[in-house]
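For reference, the structure discussed in these notes is given below.
The values are calculated or read from the model by the stated rules, or taken from the named source; none is laboratory data. The shown structure was predicted, so the numbers you read here are calculated from the model rather than taken from an experiment. Glycine also receives a Cβ, built like all others from the backbone with ideal geometry; neighbour counts cover every protein chain displayed.
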Amino acid sequence: MSILKVAKRATGALLAAGLITGAAQASDKKDIVLGGSIPLTGVFAFAGVGIHAGITDSVKIINDAGGIEGHKLVYVPEDTAYKVDASVAAYNKITSQHDVNLYYGDSTAFSKTISPELDRSGKTLMTGASFASELNDPEKYPNIFIPGPTYVDMVGILMKHIANEKPGAKVGLVHSETEFGRDPVEGAKATAKELGLDLNLVISTAPGGVDVSTEVLKMRRARPDYVIFHGYVLSPIPEFIGQARSMGLDTKFMGTFWSMDNQMVGKMGEIADGFMGVMPYNYYYTEAENAPMLEKIRSMRDTYQSNAYMQGFFSTIMMAEAARNVIKAGKELNGPNLHEGLEAIKDFDTGGLMGIPVTVKGNSVPIGRVYQYDLSKKQMVPSSDWIRLD
Amino acid sequence: MRIGTVKESYIADAALFDTKVQRGWMFALLAGLLLLPFFTGQYASYLVCLVLINIVSTAGLNILTGFTGLVSLGQAAFMGVGAYTVALMEIKLGTPFLLNLLVAGGLAAVIGIVVGLPSLRVKGLYLAIATIAASVILHFVFANWTSVTGGVSGLSMPPASLFGFEFIQPDQVYWIIMPITVIMLFGAANLFRTRIGRAFIAIRDRDISAEVLGIRLLRYKLLSFAISSFYAGVAGGLWAYFFRVVTPESFPLTMSIFFLAAIIVGGMGSILGSVLGAVFMTMVPEVLKMMVGVLSPIWPDAVAVMSPVRIIVFGGLIIIFLIFEPDGLAEIWRNIRRFFHLWPFKT
């Protein structure tokens, strides 16, 4: 046997041994479980399907890149139909079958319901579909993370934009008669006062209601320069805009995150032109420099992905980053440490999901950007730079 | 074949359990309920508690709709009244949970009487609409009486406690929910061995004839509303202790439809039907979820793809049951029993 052959075989044996040892080491590392109460059916299914896809893809990308410090991330979802009792059932089921450190919840009500249990078990950090400002309290909700700005922050970002564009402008707030819809009302009043805006109209309607003629008459009397919708996905926003336009109002209309999906806004038709709103993430189609994560998403899915997808994706990478910080610090993966790991996220590069580096503040990430719908492009396009609330 | 069940007295004929076999099964069931938490995990305990709460509320609605013939779509709102009462008493007064539950039931009963007033003039769908209106008003109160109900954010409450022991986990709250459910079911079953229960049935079968027989419609219709709402109030109170957060969105109109569907699927005018209907409506979606979960190891995206199919299957199952047995699951159960009673002869 020649020396070359011996050397080759020895190298091969060493490599094989190394690989086996490495694999053994990798398999020694415990999986990190991300449970999910996901609304794949029911009234919130339009978002749940996107959230699920976003989480699934981000988990795959994280695992393909070696997991979280060598720990494989395992995603265990359950459908909840957007019902609190089903969400709690899913939580109990998943936590009884797995050692769960990370969790995605589907609603504010679920977050509030499960919070005492999160505190009691002390094992899990939870994020979810809710941006409720009430949850942005690390003292009261130490194990909850909001993957973006709160609803109050969103309205604040829009008002900041309005104050820059037209100081002293008259602003209206139209919200749904739900917990989700009412969330930013008091905050909006305070922010308007602070920014010198005239919040001269606050209207509440049933979610999804279509007969808004009385409310539009109120709008006509108040003649606000801007109207912010909150607590809706689509209806009755088109009805409001359509009737206001037919009355000759030149009000600018705005929305918050859940009414900012590009396809959803596109469904409004011609009246969507100029519709503005706040979005904490880049859109699927955003062409930005240094956005490898957006490139990866587009390479994995060649069709448009919703804002819910981006929310699910962002939530996962943030929780994974928190877990990474805990492991790097050599600490045990548990609720308090994961929250510390989350708080340690400073100027984190999300690979283009958010346009600027991310720093967690309280339980949230108060960053967003104002977009405007361009009918000719059939796309939401940036109308402001990224706005960070301090 | 079962023989030797001759009854020699009216009391024996009206007994809830008229054979030794029945009493044996009931004893086994109670023993099973006592031992259950020792052999199940938190998930199973959670589901059992949820089923038991739904059984209480379904039994209440069955008293009103199944036995008295008065359709109501306000059951969830009455549960809301009970839940808020318990939450407020627990937060503000810290009174014992049993007292809180009784007051919750009592207050829901009083509101039930008020809501039941239109039943003297209207029946059927008209009454259903009246109860929906009451439900909307109650939801408005829950959402807007902020100083008391916490508005749309609702109330977060401490757990039930007894001699310093806190009932937090599902397998702990079970010891509150299970005995109360058993007592309330026995109460409901016994109700129809009394003059009141028989008056309800007479009103359901023909209210004019009932009145001719001397049954005062005003009193008994409102009593039926009160008892039904009492059950809903207690169920709502148990719900509050179970979840410890009460918001206006906790008790939507769809929840009332859920209970109405439960008594139709289980069997109208049957306490057993209430139990079977609540079990079916609560557990079938979970069982279907488990079946989807089984596919997950071989089909990773099964949860996303099969979830809508699961809902269709659930709806289809309800329709199939109603087509093949309009009298509900209770009748299927009775047919099975009859088969074994007469076996080896044909029914």
In region A:216-232, the residues that are touching a helix residue (DSSP H, G or I) at 6+ places or on another chain (Cβ under 7 Å) and not aliphatic (A, V, I, L, M): A:TYR226, A:PHE229, A:HIS230, A:GLY231, A:TYR232
Residue within region B:69-89 that is out of contact with any strand residue (DSSP E or B) (no Cβ under 8 Å at 6 or more places or on another chain) and free of Cβ contacts under 8 Å to residues at least 40 places away in the same chain present: yes
Condition met for B:VAL305 (assigned to a helix (DSSP H, G or I), out of contact with any helix residue (DSSP H, G or I) (no Cβ under 6 Å at 6 or more places or on another chain), modelled with pLDDT under 90 and within 30 Å of A:ILE114 (Cα to Cα)): yes
Total residues in region A:188-246, condition of a type in the set (Lys, Arg) and part of a loop (DSSP other than H, G, I, E, B): 1
Residues of region B:159-195 satisfying the condition of being outside any helix (DSSP H, G or I) and either crowded, with 17+ Cβ neighbours inside 10 Å or of a type outside the set (D, E, K, R) (or both): B:PRO159, B:ALA160, B:SER161, B:LEU162, B:PHE163, B:GLY164, B:PHE165, B:PHE167, B:ILE168, B:GLN169, B:PHE192, B:THR194
Every residue from region B:278-299 that is surrounded by 14 or more Cβ atoms within 10 Å (Cβ to Cβ) and part of a loop (DSSP other than H, G, I, E, B): B:SER296
Number of the condition not met by A:ASP347 [criteria: (1) on the phi < 0 side of the Ramachandran plot; (2) out of contact with any strand residue (DSSP E or B) (no Cβ under 6 Å at 6 or more places or on another chain); (3) not small (Gly, Ala, Ser); (4) not assigned by TED's automatic domain parsing to the domain that holds A:ASN164]: (1)
Condition met for B:TYR174 (closer than 30 Å to A:PRO116 by Cβ, away from every other protein chain (no Cβ under 14 Å) and in contact with a Ser or Thr (Cβ under 9 Å, 6 or more places away or on another chain)): no
Unique match (being surrounded by 24 or more Cβ atoms within 10 Å (Cβ to Cβ), out of contact with any Pro (no Cβ under 9 Å at 6 or more places or on another chain) and more than 18 Å from B:GLY187 (Cβ to Cβ)) among B:ALA87, B:ALA76: B:ALA87
Test: residue in region A:157-170 that is modelled with pLDDT under 95 and either within 21 Å of B:ARG244 (Cα to Cα) or assigned to a strand (DSSP E or B) (or both): no
Among the candidates A:VAL227, A:VAL233, A:VAL278, residue that is aliphatic (A, V, I, L, M), under 19 Å from A:ARG182 (Cα atoms) and out of contact with any strand residue (DSSP E or B) (no Cβ under 7 Å at 6 or more places or on another chain): A:VAL233
Residue list for region A:95-129, filter: closer than 16 Å to B:SER153 by Cβ, touching a residue at least 40 places away in the same chain (Cβ under 8 Å) and of a type outside the set (Val, Ile, Thr): A:SER107, A:ALA109, A:PHE110
Among (1) within 14 Å of chain A (Cβ to nearest Cβ); (2) on the phi < 0 side of the Ramachandran plot, the one test that B:ARG244 misses: (2)
Pairs with Cβ under 7 Å, 6+ apart, first in region B:138-166 and within 12 Å of chain A (Cβ to nearest Cβ) and farther than 15 Å from B:ARG244 by Cα, second among the aromatic types (Phe, Trp, Tyr) and buried (at least 19 other Cβ atoms within 10 Å of the Cβ): B:PHE142/B:TYR84
Residue tally, condition crowded, with 18+ Cβ neighbours inside 10 Å and within 24 Å of the chain's Cα centre (by Cα), over region A:175-222: 14
Test: residue in region B:37-60 that is assigned to a helix (DSSP H, G or I), of a type in the set (Gly, Ala, Ser) and away from chain A (no Cβ under 13 Å): yes
Given (1) without any contact (Cβ under 8 Å) to a residue 60 or more places away in the chain; (2) in contact with a Pro (Cβ under 9 Å, 6 or more places away or on another chain); (3) crowded, with 19+ Cβ neighbours inside 10 Å, number of the condition A:MET310 does not satisfy: (1)
All positions within region B:241-288 that are in contact with a strand residue (DSSP E or B) (Cβ under 6 Å, 6 or more places away or on another chain) and under 20 Å from B:TYR43 (Cα atoms): B:TYR241, B:VAL245
Residue ranges of helices (runs of 4 or more DSSP H) in region A:1-115 with at least 3 members more than 12 Å from every other protein chain (Cβ to nearest Cβ) and modelled with pLDDT of 90 or more: A:45-64
Scope region B:246-264; condition hydrophobic (A, V, I, L, M, F, W, C) and surrounded by 24 or more Cβ atoms within 10 Å (Cβ to Cβ); matching residues: B:VAL246, B:PHE251, B:PHE259, B:ALA262, B:ILE263
Filtered residues of region A:141-156 (kept if within 14 Å of chain B (Cβ to nearest Cβ) and either under 22 Å from A:GLY122 (Cβ atoms) or within 14 Å of the chain's Cα centre (by Cα) (or both)): A:TYR141, A:ILE144, A:THR150, A:TYR151
Qualifying positions in region A:116-140 - within 13 Å of chain B (Cβ to nearest Cβ), in a loop (DSSP other than H, G, I, E, B) and surrounded by fewer than 22 Cβ atoms within 10 Å (Cβ to Cβ): A:ASP137, A:LYS140
Single match in B:ALA28, B:ALA15 (criterion: more than 14 Å from chain A (Cβ to nearest Cβ), closer than 19 Å to B:LEU185 by Cβ, small (Gly, Ala, Ser) and not in a helix (DSSP H, G or I)): B:ALA15
Scan of region B:176-221 for residues that are small (Gly, Ala, Ser) and under 25 Å from the mean Cα position of the chain (by Cα), ordered by number: B:GLY187, B:ALA188, B:ALA189, B:GLY197, B:ALA199, B:ALA202
